[in-house]
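Take a look at the structure set out below.
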Amino acid sequence: MSRNMKRTVQFIFVITIIINSLSARDYYIYCTAESEDEVALIRFDGKVAHVEKRIPVGVWPVEIEGPHGISISPDGDYWYLSMAHGMPYGHLYKYETGTDKMVDRVELGLFPATMGISNATGLLYIVNFNLHGGHSEVSDVSIVDPDEMIEIERVETGIMPHGSRLLNNGLKHYSVAMMSGELYEIDAMTMELKRTLSTSPMKKMNKHSGHNMKGMNHSKMKMNSMSHNMPAEKPTWVYPHPNDNFLYVVNNGTDNVVEIDVNKWKITRTFKTDKGPYNCEVSEDGKYLVVTYKSAAKTGVWDLATGKEIAKFKNTRKVTHGVVISPDSRYAFVSVEGIGKEPGAVEIFDLKKLKAVATAEIGKQAGGIAFWKMDN
C-alpha cells in the first residue's frame with residue numbers, strides 16, 4: 001500500500017470515529033417505583049442503561065405513598081409526580097430536573113394518577129383515579145397551575161379515569177374511564193367537557209357523542225353512571241397521533257386497541273392484541289404504535305400504515321406497565337413492575353432494528369415513565 005493510500009485510509013478512519021462520536025446520544029428517562037417511594041433517573045447511551053440516581057420522594061418516612069404518574073414540563077426544567085396514597089387524598093409534587101429537589105406540592109383527589117401539560121394553556125391536567133373509592137363513583141380531572149401549584153378547576157368525567165393526554169397543539173384533553181368504558185374530551189381553554197364516546201368497537205356512538213356537554217346536569221350523569229353495568233372494555237389509556245387527527249385507546253378488558261378519528265369522532269380501526277394491554281404510545285414520526293401487555297408480560301410494536309404487529313418482545317419479568325418513545329423515534333422505554341420482592345425494570349427496545357437492547361433494574365413496582373432529554 002502506498003503512503004498516500006495509507007494516509008487516505010487513516011483519514012477515513014478518523015472521520016468515521018468523529019461522525020460516530022457526534023451521532024452518539026444519551027437518553028434520559030425518569031421512572032417511578034411505586035412500592036419504594038422512589039423515582040429513578042436512567043441514562044441510556046445507546047448500548048447500556050445506567051441508573052444515574054435513585055430519588056426518594058414523599059414526606060412520610062414510614063408510609064408508602066405510592067408515586068404513580070410522572071410528567072416533564074415542556075421546557076424540561078421540572079418534573080411532576082402524582083403521589084396516589086394519602087389521608088385520604090393524594091398529592092401532586094413538583095421537582096426540579098437536574099437537582100431533583102422538591103419545589104412544592106398540592107393536594108388533589110382520591111388516587112391522582114396520570115397527567116399531561118398543555119402546550120397551549122401551560123396548565124396540568126391530572127386524573128383522580130379514585131382507586132380507593134367505590135366502582136360506581138364518578139370521579140374527575142384536576143386542572144392545576146403548575147407554576148403556582150394551585151388546583152384551579154375539576155371536571156367530572158367517569159368512573160376510575162386514567163390515561164390523561166392532550167393533543168400536540170394542547171387544545172384538547174383526553175382521558176378514559178376504566179369502569180365507564182368511555183373516552184372523554186375536555187376543551188383545554190374553556191375547561192369544559194365537550195364530547196364522550198364509547199370505546200367498544202361494537203358500538204357506534206353513545207348518546208352524548210358529538211354533543212356539547214356544557215350545562216349538562218352532572219348529578220344526572222352520576223346517577224346514570226351508577227346504574228349501568230360495568231363495561232367489558234375497561235379502557236386504561238389514550239394517546240394522540242402526532243398529526244392530532246387520531247387517538248389510540250387501549251381496552252384492557254377486551255384485549256384490543258381502537259383507533260379513533262378525532263374529527264369524525266368514531267372508531268376507524270381495531271387492533272387485536274395480546275392479553276391485558278395497558279399503556280401505549282405513538283412514535284413522533286407516526287410510524288409505530290407501541291403497546292404494553294400487562295397480563296402477558298410482553299411489549300408489542302405495531303406498524304400504523306399496515307395495521308399489523310411487526311414485533312413482540314417478552315419482558316424480563318411480569319406485569320408490564322408503561323411506555324415512552326424517544327423524540328427521535330428510535331427507542332421505546334418500557335417499565336415492568338415485577339412481582340413480590342422482585343425489583344422493577346426499565347427495558348429498552350430498538351424500533352429500527354426491532355430488538356431488545358438494554359435493561360436497567362430499579363425499585364419495586366416500576367410504573368410511571370417519562371422522557372426528559374437527549375444529549376449529544
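Consider the stretch 74-108. How many of its residues are in contact with an Asp or Glu (Cβ under 8 Å, 6 or more places away or on another chain) and in a loop (DSSP other than H, G, I, E, B)?
8
So which residues in the stretch 155-178 are surrounded by fewer than 24 Cβ atoms within 10 Å (Cβ to Cβ) and without any contact (Cβ under 8 Å) to a residue 60 or more places away in the chain?
V155, G170, L171 - these are the residues of the stretch 155-178 that are surrounded by fewer than 24 Cβ atoms within 10 Å (Cβ to Cβ) and without any contact (Cβ under 8 Å) to a residue 60 or more places away in the chain.
Before we move on, is K352 at pLDDT 95 or above and surrounded by fewer than 16 Cβ atoms within 10 Å (Cβ to Cβ)?
Working: at pLDDT 95 or above: yes; surrounded by fewer than 16 Cβ atoms within 10 Å (Cβ to Cβ): yes.
Yes: the conditions hold for K352.
Quick one: is K294 without any contact (Cβ under 8 Å) to a residue 40 or more places away in the chain and not small (G, A, S)?
When the stated conditions are applied, K294 does not pass them.
Here is a check on your reading of the model: is K341 over 23 Å from T97 (Cβ atoms) and basic (K, R)? Can you show your working first?
Numbers: over 23 Å from T97 (Cβ atoms): yes; basic (K, R): yes.
Yes, satisfied.
Looking at I267 and the list (1) surrounded by 21 or more Cβ atoms within 10 Å (Cβ to Cβ); (2) under 17 Å from the mean Cα position of the chain (by Cα), which single condition is not satisfied?
Here I267 meets the rest and fails (2).
With the requirement that a residue be free of Cβ contacts under 8 Å to residues at least 24 places away in the same chain and under 17 Å from the mean Cα position of the chain (by Cα), what does the stretch 34-70 give you?
None - no residue of the stretch 34-70 is free of Cβ contacts under 8 Å to residues at least 24 places away in the same chain and under 17 Å from the mean Cα position of the chain (by Cα), so the list stays empty.
Would a scan of the stretch 330-341 turn up a residue that is aromatic (F, W, Y) and in contact with an Asp or Glu (Cβ under 7 Å, 6 or more places away or on another chain)?
Checked the stretch 330-341: at least one residue is aromatic (F, W, Y) and in contact with an Asp or Glu (Cβ under 7 Å, 6 or more places away or on another chain).
Please go through the stretch 328-345 and give me each residue that is in contact with a strand residue (DSSP E or B) (Cβ under 9 Å, 6 or more places away or on another chain), within 14 Å of A366 (Cβ to Cβ) and either free of Cβ contacts under 8 Å to residues at least 24 places away in the same chain or not acidic (D, E) (or both), ordered by number.
Across the stretch 328-345, the qualifying residues are F333, V334, S335, V336, G338, P343, G344, A345.
So, in the stretch 239-282, exactly how many residues are out of contact with any strand residue (DSSP E or B) (no Cβ under 6 Å at 6 or more places or on another chain) and assigned to a strand (DSSP E or B)?
1
Go through the stretch 361-374 and give me each residue that's surrounded by fewer than 23 Cβ atoms within 10 Å (Cβ to Cβ) and not in a loop (DSSP other than H, G, I, E, B).
If the condition is that a residue be surrounded by fewer than 23 Cβ atoms within 10 Å (Cβ to Cβ) and not in a loop (DSSP other than H, G, I, E, B), then E361, A370, F371, W372, K373, M374 are the ones that fit.
Which one of these does I310 not meet: (1) farther than 23 Å from N243 by Cβ; (2) surrounded by fewer than 21 Cβ atoms within 10 Å (Cβ to Cβ); (3) β-branched (V, I, T)?
(1)
Select, from K6, K53, K47, the only residue that is of a type in the set (D, E, K, R), at pLDDT 95 or above and outside any strand (DSSP E or B). Spell out how you get there, then give the answer.
Values: K6 fails: at pLDDT 95 or above; K53 fails: outside any strand (DSSP E or B).
Going through K6, K53, K47 in turn, just one is of a type in the set (D, E, K, R), at pLDDT 95 or above and outside any strand (DSSP E or B): K47.
Which condition breaks for M223 when tested against (1) surrounded by 15 or more Cβ atoms within 10 Å (Cβ to Cβ); (2) within 21 Å of G109 (Cβ to Cβ); (3) modelled with pLDDT under 50?
M223 satisfies every listed condition except (1).
Can you spot a residue in the stretch 140-161 that is assigned to a loop (DSSP other than H, G, I, E, B), closer than 24 Å to V238 by Cβ and small (G, A, S)?
No, because not a single residue in the stretch 140-161 is assigned to a loop (DSSP other than H, G, I, E, B), closer than 24 Å to V238 by Cβ and small (G, A, S).
Against the conditions (1) under 20 Å from the mean Cα position of the chain (by Cα); (2) of a type outside the set (V, I, T); (3) closer than 28 Å to D375 by Cα, where does H91 fall short? Just the number, please.
Every listed condition holds for H91 apart from (3).
When the stretch 239-252 is examined, which residues are found to be within 14 Å of E185 (Cβ to Cβ) and surrounded by 24 or more Cβ atoms within 10 Å (Cβ to Cβ)?
Hits for the stretch 239-252 are L247, V249.
Residues in the stretch 115-135: is at least one within 30 Å of N229 (Cβ to Cβ), assigned to a loop (DSSP other than H, G, I, E, B) and either of a type in the set (D, E) or free of Cβ contacts under 8 Å to residues at least 24 places away in the same chain (or both)?
Looking for residues that are within 30 Å of N229 (Cβ to Cβ), assigned to a loop (DSSP other than H, G, I, E, B) and either of a type in the set (D, E) or free of Cβ contacts under 8 Å to residues at least 24 places away in the same chain (or both), one finds at least one in the stretch 115-135, hence yes.
The values are calculated or read from the model by the stated rules, or taken from the named source; none is laboratory data. Keep in mind the model is a prediction, meaning the values are calculated, not measured. Using ideal geometry, Cβ is built from the backbone for each residue, glycine included, and neighbour counts are taken over all protein chains shown.
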